[in-house]
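**Student:** Below you will find the structure I want to go over with you.
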Amino acid sequence: MSMTTSIPTLLRLYLIRHGETEWTLTSRHTGLTDIPLTANGEDESRELGKHLRDIQFAHVFTSPLKRARQTCELVGLDKVLEIELDLAEWDYGDYEGKRSEDIRKGQPDWNVFRDGCPHGETPAQVSERADRLIARLRTLDGKVALFSHGQFGGVLAARWIGLPLAQARHFPLGTASLSIFSFNPHHPEVPVIALWNAAAHDIFNTAMERT
């Protein structure tokens, strides 16, 4: 699917993955199960917020799931948030709560980005959801915060730069991480990933100012 649209030159998307949960600690696929952050997840979200508090966001969108909304609140942007259903995590269907290594005991070659999940979302459905969201976001201007999830965040990155959804496997995200999507300043029609998977303890202020 072509991603060509009218592109506002000032649009910058700040993608924030939610903080740690009990299931991220054990690598369990967490789709629509609405679990909260751990105490550490709350702390790392607050720490990330220190790097975002002075940014003037034109819009703040969050997944409807508790872990994303809680991260938004702890970062300090909950007063202006808007719920965006398309930012929700992949619906893992029958694989909800399972680990990849356990799924592969029955399906050795299983890859969520290629195979999807029984009674959950297919890769085509998730790709379509990401494209629909990107098309709406590209009608906006300014800095936009997006609170979302690990695997859907990777899908969003791949589709932002026009890669097939299968390539999302190359874009892993840590908890309470920040990534920035923007455009090449010399070729404003070219979408780029200006920053990827930066944790609060990483030195990324210079990168944010430069891009």
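**Student:** Report the Cα-based extents of the range 141-208 along its three principal axes, largest first, to the nearest Å.
**Tutor:** If we take the Cα atoms of the range 141-208, the spans are 31, 31, 19 Å.
**Student:** Residue farthest toward the positive end of the dipole of the chain, with Cβ of Lys/Arg at +1 and Asp/Glu at -1: which of ILE35, PRO164, SER148?
**Tutor:** Towards the positive end, the residue furthest out is PRO164.
**Student:** Still on this model: Calculate, in nm to one decimal, what GLU82 and ASN111 gain on full extension: separation in residues at 0.36 nm each, minus their alpha carbon distance.
**Tutor:** Between GLU82 and ASN111, full extension yields 7.2 nm more.
**Student:** What number do you get for the range 42-136 when its Cα radius of gyration is normalised by 2.2 N^0.38 Å, N = residues?
**Tutor:** The range 42-136 yields a ratio of 1.33.
**Student:** Separate question: Mind checking Rg over Rh on the range 21-83, alpha carbons, Kirkwood formula for Rh?
**Tutor:** Values: Rg = 12.2 Å, Rh = 12.3 Å.
Looking at the range 21-83, the ratio lands at 0.99.
**Student:** Continuing with the same structure: Just the accessible area per residue of the chain, please: how many Å² with a 1.4 Å probe?
**Tutor:** That works out to 48 Å² for each residue.
**Student:** Give the dimensionless ratio obtained when the Cα radius of gyration of the chain is divided by 2.2 N^0.38 Å.
**Tutor:** 0.98
**Student:** Follow-up question, since we're still on this one. Just the number, please: carbon plus sulfur as a percent of the accessible area of the range 99-211, 1.4 Å probe, no ligands or DNA/RNA counted.
**Tutor:** 53 percent
**Student:** I would also like to ask the following. With charges only on Cβ, +1 for K and R and -1 for D and E, what is the dipole size of the chain about its Cα centre, in debye, rounded to 20?
**Tutor:** For this selection, approximately 340 debye.
**Student:** With the crude spin-label approximation of a point 7 Å out along Cα→Cβ, what separation in nm comes out for GLN125 versus LEU25?
**Tutor:** That separation, rounded to one decimal, is 3.1 nm.
The values are calculated or read from the model by the stated rules, or taken from the named source; none is laboratory data. These numbers come from a predicted model, not from an experiment. Note that each Cβ is placed from the backbone with ideal geometry, even for glycine, and that neighbours are counted across all protein chains shown. Heavy atoms of the whole protein, side chains included, go into the accessibility calculation; ligands, DNA and RNA do not. Shrake-Rupley method; radii C 1.70, N 1.55, O 1.52, S 1.80 Å.
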